[in-house]
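Just so it is clear, none of the values below were taken in a lab; they were calculated from the coordinates. All values reported here derive from a predicted model rather than from experimental measurement. FYI the Cβ positions are ideal-geometry reconstructions off the backbone, even for glycines, and counts take in every protein chain you see.
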Amino acid sequence: MFHVYTKTSGITSAEGLWPILMAIFTMAAVHFVLPSNLRAGPAWLQMSVQIALVMLLVIARKQRNHKLMHWFGGATLSVSTLTLVYSLSSMFILLAEKKIEAPVLLRSGALLWINTVLLFAAWYWRLDGGGAHQRFQHVTHRQGAFLFPQMTLDTETLQRLGIKSWHPIFIDYLFIAFTNSTAFSPTDVLPHSRWAKVLMMIQSLISLIIVAVLAARAINIL
């Protein structure tokens, strides 16, 4: 996971380590500013855990230990997933018990919606095509769990468009997650594999609950 490719490795990637790290730390920061009754433990806990995992990830990268990079990357996203599940569950319980004020509900719902988009984008990025390392083993990305428009173009068409080789990077998966959380359906990128369809359904359901149910409840409380 989280591998940065250079010319010395035989593969040149337009994507570095920073986009995914920014997404991870943004999710940790969002958890940090949530109300205490929606956080899984002390405010500093998730940030500290994520920083520790990222430091271990950087060390593994310097040692070129891809197996450790894979495990530390998965652990990082797993921590973010568990904290999001806890925060969403706590919000639903407080909402059912009418123990959360409307302004807090709206602010928390917006923050958790952002976290949902970033988290699913990170999982799509990590799982599609076997991960970034496997995707960049080929000159052009042709196989994966998602069908991107560029994958439908032949080599001559790509060259006419000035594209020598194309591989999806984090921003492409962020686009998938964002549109899925706003339109509640695929747009120009279609899921092919069953795991991608299941994840997109779960993401759409979470976003629908946050945007529709929580927002409507908060308006009624006002």
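Counting lysine pairs in the chain that sit 8 or more residues apart in sequence, or on different chains, and whose Cα atoms lie under 28 Å apart gives 4. With the highest mean first, a sort of the peptides 55-62, 115-122 on other beta-carbon atoms found within 10 angstrom per residue produces 115-122, 55-62.
Computed from Cα atoms, the angle from the helix 170-183 axis to the main principal axis of the chain rounds to 40 degrees. In degrees between 0 and 90, to the nearest 10, how far off the longest principal axis of the chain does helix 66-96 point, with axes built from Cα atoms? On a 0 to 90 degree scale, this one is about 30.
Percent of Cα pairs in the stretch 7-221 per distance bin of 10 Å, from zero to the largest separation: 8, 30, 32, 20, 8, 2, 0.
Near residue 149: Cβ cut-off under 12 Å, other residues only, Lys/Arg at +1 and Asp/Glu at -1. The net charge is -2. Rounded to the nearest 10 degrees, the angle from helix 102-127 to the longest Cα principal axis of the chain is 20 degrees. Determine the distance separating the Cα centre of the stretch 59-80 from the Cα centre of the stretch 170-202; give it in Å without decimals. Value for the Cα centre distance between the two parts: 25 Å. Using a cutoff of 8 angstrom between alpha carbon atoms and counting only pairs six or more residues apart, the relative contact order for the chain works out to 22 percent.
Looking only at the stretch 92-127, which residues have a backbone nitrogen under 16 Å from a spot 7 Å from the Cα of residue 211 in the C-beta direction? Counting backbone N atoms under 16 Å from the label point, the list is 109-121.
Less than 5 angstrom separates the built amide H of residue 190 from those of 147, all sequence-distant by 5 or more or on a different chain. Near residue 107: Cβ cut-off under 15 Å, other residues only, Lys/Arg at +1 and Asp/Glu at -1. The net charge is +1. Restricting attention to the stretch 91-126, which trypsin sites (Lys or Arg not before Pro) occupy a DSSP loop and are surrounded by at most 15 other Cβ atoms within 10 Å? Those satisfying the criteria are 98, 99. For the stretch 56-155, averaging the sequence separation of C-alpha pairs within contact (under 8 Å, six or more residues apart) and dividing by the residue count gives a relative contact order of 18 percent. The stretch between residue 187 and residue 156 holds 8.6 nm of extra length on full extension. This uses 0.36 nm per residue minus the Cα-Cα distance.
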